[in-house]
1. For a test of the definition: using alpha carbon positions, the gyration tensor, and the 1.5 limit on a/c, classify segment A:114-198 as rounded, prolate or oblate.
2. Between rounded, prolate and oblate, where does segment A:200-286 land on the alpha carbon gyration tensor, with a ≥ b ≥ c its root eigenvalues, rounded for a/c under 1.5, else prolate if a/b exceeds b/c?
3. For segment B:25-123, run through the trypsin sites (Lys or Arg not before Pro) and keep only the ones in DSSP coil with at most 13 other Cβ atoms within 10 Å of their Cβ.
4. If the reach is capped at under 12 angstrom between alpha carbons, list the aspartates and glutamates near B:LYS132, excluding any in the same chain fewer than eight residues apart.
5. About its Cα centre, how strong a charge dipole does the protein assembly as shown have in debye, to the nearest 20, once Lys and Arg get +1 and Asp and Glu get -1 at the Cβ?
6. Roughly how many Å is it from the Cα centre of segment B:219-278 to that of segment A:509-578, as a whole number?
7. To the nearest µm²/s, what D does Stokes-Einstein give for segment B:145-366 at 4 °C and 1.567 mPa s, using the Kirkwood radius over alpha carbon pairs as Rh?
8. Using a 1.4 Å probe over the heavy atoms of the protein chains, calculate the carbon and sulfur portion of the accessible area of the protein assembly as shown as a whole percent.
Amino acid sequence: MSALTLTDLRVEINVEGRCLAPVDGVSLAIGRDECVALLGESGCGKSMTALALMRLLPEGARVASGVLELEGESLFTLPEAAMRDVRGGRLAMIFQEPQTSLNPVMTVGQQIAETLAVHRPEADASAVGRELLEAVGLPTERLDAYPFQLSGGQRQRALIAMMLAGEPEVLIADEPTTALDVTVQAQILKLLKALQQSRGMGLLLITHDLDVAGDMADRVAVMYAGQIVEWAGRASLYAQPHHPYTQKLFAVLPRLERRGQRLDSLPGRVPAPDAVIVGCRFAERCPRVFERCRNEAPELLETAPGHAVRCHLFSPPSPSGGGAGGEGATPAQAFTLYLPSLPHPSPPPEGEGVVLRLTDLAVHFPLRQGLLRRTVGHFKAVDGVSLTVNQGETLALVGESGCGKTTLARAVLRLIEPTGGSVAMGGEALENLSGEALRRKRREMQIVFQDPYSSLNPRMKVGTILEEGLLALLPELDRAARNARIAQLLDQVGLPADALQRYPHEFSGGQRQRIAIARALAVEPKLLILDEPTSALDVSVQAQILNLLADIQAARGLSYLFITHNLPVVGYLAHRVAVMRGGRIVEEGDVETVLTRPVSDYTRLLLESAPGRGLTGVSS
Amino acid sequence: MIPVLLWSDALLFLLLAGVFILVWAMRHRDWLRDPWRQVMKSRVGQGSALILAAFFAIGLLDSLHYRERLPDVPGKPAQYSGEVLSALDWLATPLRERVEKTYSAPLATHLYAKETLKGTDGVERRDYPPLKYPGTHLLGTDKVGQDVLYLSLKSIRTGLLIGALTTLVMLPLALGLGIAAGYFGGRVDDVIQYVYTTLNSIPGVLLIAAAVLVVQVQVEAHAALFDTAAARADVRLLALCAIMGLTGWTGLARLLRGEVLKLRELEFVQAARAFGVRPLRILARHLLPNVMHLVLITVVLDFSGLVLAEAVLSYVGVGVDPAMNSFGNMINGARLELAREPVVWWQLAAAFVFMFVLVLAANLFADKVRDALDPRAGGKT
C-alpha cells in the first residue's frame, strides 16, 4: 500500500495566451516506508511536480488534470482551507536553499512552534522542539538560536526539524543538499535516510545527482521534458538502465575509471515547453532513434516486474503495423550500456617547464571593529600555500566552500592583492610588477568562472565580449586580425559563427560557458584558471565542457588550475591534485594516489562523503 | 522687433542641437537605432512620444524671445518695449490679451464673485457681472483676470527647463561619483560618502535659499548686465537649477553606489579586470550600462519631484521669480484660492493636469526606452 499516489499529473502554465505543460502525465507512488528519487536535469519539471504535490504552484500555473491521494484521501479536490491542514502536517516539504527557507528574525524554536501551533496544538512546544532537534542531531540549546548563528548544514537540519514537527506521512525534499558541501551533504542525506526509516515516512527526494539517488532511493523515477521516462527499483535501474536517456546520464558521468576516455555526450537541448512534439520527446537527441519514435509517442510500459520504461525499443509493435523500424531494434540491444572508449587527447604531464609557481602565498583580510575601524585580527583566507603547475598539466585544487580556493585563484591573478608570499608566472615574480608590465603579464593567465550567467555582461554582444581582451592586451592587432581570431575561437569552442551578433541571454548555460572559455582563450594564455567551471551545469553539459577542455589542452599545451569540489571530475580530468582546507594545502600528489590511497584524514573524509558510496563511512 | 537671447534659451538650443547631432550620428548605426525603433513601434511609445513632443514644441516656441518695437516718435531713435515676448505669446495673443477683471470659472459667462452693479434702470443690486469675453476661457481666469490656459502653457517652459537643466547638472555628478564610490571603494568611497552625507545633513531648502539670495544680490549689483525683467528672472531660474542639481545628486549617487558594490563582484567585471582593462573603461563599458535602468527611472521620477520642489521654494520665496509663469507659482497661488469660499479650484487643477500629463508621458516613455535598451527584454514589448 502506498502512502502517496499520483496519477497522470498534468501542470499547465498560461503564457501570453499559449498553454504550456511543463509536467505532462506524471504518475508516482511512494510507499509508507520508502524513499523515491525523482531524478532529472534542470528544466525537466521535477520541481514543478513537487510544488504541484504541495499545491503550491506559482501564479499562472495550475494542475490541469491528475489525481493525488495521500493515504486514500484525494488532495487535489480538497478545499484550500483543508489543504492547509495537510500541508506542513501530513505532507511536508524541504527546500533547496537553507539560507532563505528560514525566517532570519525568528529563532529556530519559534519557527518549530509555529508549525506545532497549526498541526499539533496540544503539544508542548519547547519539549517537542528539543526532541526534534535531538532527532536531527542539533544540540538542544540551538532552540534559541537565530538562523544566522547556524551554519548551512545546521540550518538544513533545523529546517528538517521544522518539517518533522507536523509528523508528516510523506516528506518531499527538493534538492535538499545541492547548496551544501559534500561532507555536510553526506551527513544530511544520512540523517534523512535514518529519519525516513525510523519514522516510517515516505520520502520523495528530488535530485539531479545520479549518485545521490543511488545512495538514497528505493525506487527511482527518471524525468525528461515533463514526463517520467523510466521508473524502476534502484538496483534494477543502476544495474541495467533501459531508456537511452538514462543510459546517457550514466555514460556522461566523469569518473576516475574513465580517465583517458572521451566522455559520452548528449547533443542538443531539452525541447522547449511550447514545442509541438508528435513522437517521443527524446527522439531529437536519442542515439537509437528510428522512424516510429518520430511518429508515435511511446507509453510508459512495464518491461520487467517493477521496471517501467517509456521507449519504443521496449514497446510491442504498433497495432497499425506502421512502426516498421521497431523490428530492427530488439530490446536485447538496449541492455548494453553504451560507453565509447575514444582515446583521451590529453598528453601525460611532463615534469618540464613550470608555468606557475606559488611560494607561501598568503591572503589575510583584516578584521576591523569599532568606530575607528581598528584592525583587531586577520582572517587568513589563504595561509601559506606553495604549489606548482607544469606546462600542459592540470592541477586540481579541491576543497569545500570557504577553504580559500577562490581567494587563491583571485590572488594569483592579482584581482586581490596577496598579503604575503610570491606568485611566479613563467619564472617572473608578479608581486613587483605594476602598470604596463602587469598588464602584459595578464596575457599569460586567464580565468573561467563558475556561474556562466554572471560572468558575461548581459548588455554586451558576444562579439564585443570576445574582443575586449584582445583590445586590452593585444592592441597591436588590427580589426581584421581580431575578427579572424574571434572566428577561429568560436569554431574551436563549438559555437556557430552568427553568435557574435547575439546577446549572452540567448544562449544556454553550457553555451555561455563556451563563450567564457573562448573569451579567456582569446589572448592565448599559458595558464587557465578554471573556478568550478562545471558545477552550475547539468551533467550532460558538464561532459561536453570537460571534453572541450581536454581538447583545448591537447591542442594548445595549456596548463589548467582546476578549482572544484567535485572529486569525480578531478579523477577524470586532473593530473595532480591538491586538497585545501582552512587556507592551507593538506595533501598534494598525483590523482590516482590521492584519490585511492589518501594520506590525510580530511581527504579520506571527502572521499567517503562523496555520493555514490552508499553513505557507509559517514557519521551523522 | 528685436530678437532677445536669454541664457536659458541658449542652453535649451544647445541641448536641442546636441540631441540632433546624436540622432544624426545614430541614423546609420543599426544597433543604436533599433531600440528607438522598437520604442516607436509600441502604441504606448508613440502616444507618450507625441505628448512629450507637444510639450517640447511649446517649450521651444516659448524660448524664441523678442522685444516689440514701440511706435516711432519722429526725431528719436527706434524704441523697443521693455517687455520680452516669445513666439508662443505671439501665437497665443488672443489668450494673452483677453483679460478679465478677476476670477472666472472655466467657460463661464460671468465673474465668479458677486459685485454691486448698477442696472439700466439705475437700481443697484448684487449680482455676477458679465465677462468681457464670455465663454472663451477654457480653464477660467486667475485673480487678475489672466487666462489660466495661457498661464499653464507659459509654465511648461519653466517646468521643462527646471527638469532638464537640473538633471544635466545632477547627472554627471551622480553617475561619476556614485559609480566611482562603489567600484573603487576604500578612500575614494570614504571621501564621496563624506561629501554626500554632509550635503544631506544640511537642509536643502536652506542651502538653496542662501544660494538664490546670493545670486539675487549679485544680479542687483550688476544691473547693467541684465537690462530686462525677463533677463533677471532668467538668471535666477538658472541659478535655481544649478543649485538644485548640486544638492540633488546624492540620492541617485547612493543608489548607484549600492548597485555597483553588487556589480563589481560579478564575474564579468572580474574577467575584465583579469584582462587588464583600465578602470575608467570598466566603469563606462561594464558598470554604466548595467545601472542605466536605475538612472532612467530615477531621473524621470525626480523630474516631477523637481517641479514640485519649485513650488515649495516659491512658497518660501526663493523659487523662480514671482513674475515668471511656473507650475510652482500657480500651485503656490492656489494656496489662498483654496481657502476662499467658494473654492477657486481651476488654477490648481490646471497645474495638476498639465504636470500629470507631462510626468505620465515621460514615465511611460522611459519605461519603453528601458525595455528596449535591455537586451533580455528584447522583442517582448
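The values are calculated or read from the model by the stated rules, or taken from the named source; none is laboratory data. Everything numeric here is computed off the predicted structure, so don't read it as measured data. FYI the Cβ positions are ideal-geometry reconstructions off the backbone, even for glycines, and counts take in every protein chain you see. When the accessible area is computed, the model is the full protein with side chains, heavy atoms only, and any ligands, DNA or RNA have been set aside. Shrake-Rupley method; radii C 1.70, N 1.55, O 1.52, S 1.80 Å.
1. Since a/c reaches 1.5 but b/c is at least a/b, the shape of segment A:114-198 is classed as oblate.
2. oblate
3. Loop-located and lightly packed - B:ARG27, B:ARG29, B:LYS114.
4. Reachable aspartates and glutamates: B:GLU97, B:GLU100.
5. Using Cβ point charges on Lys, Arg, Asp and Glu, the protein assembly as shown gives about 2040 debye.
6. With segment B:219-278 and segment A:509-578 each reduced to a Cα centre, they are spaced 45 Å.
7. The Stokes-Einstein estimate is 67 µm²/s.
8. 58
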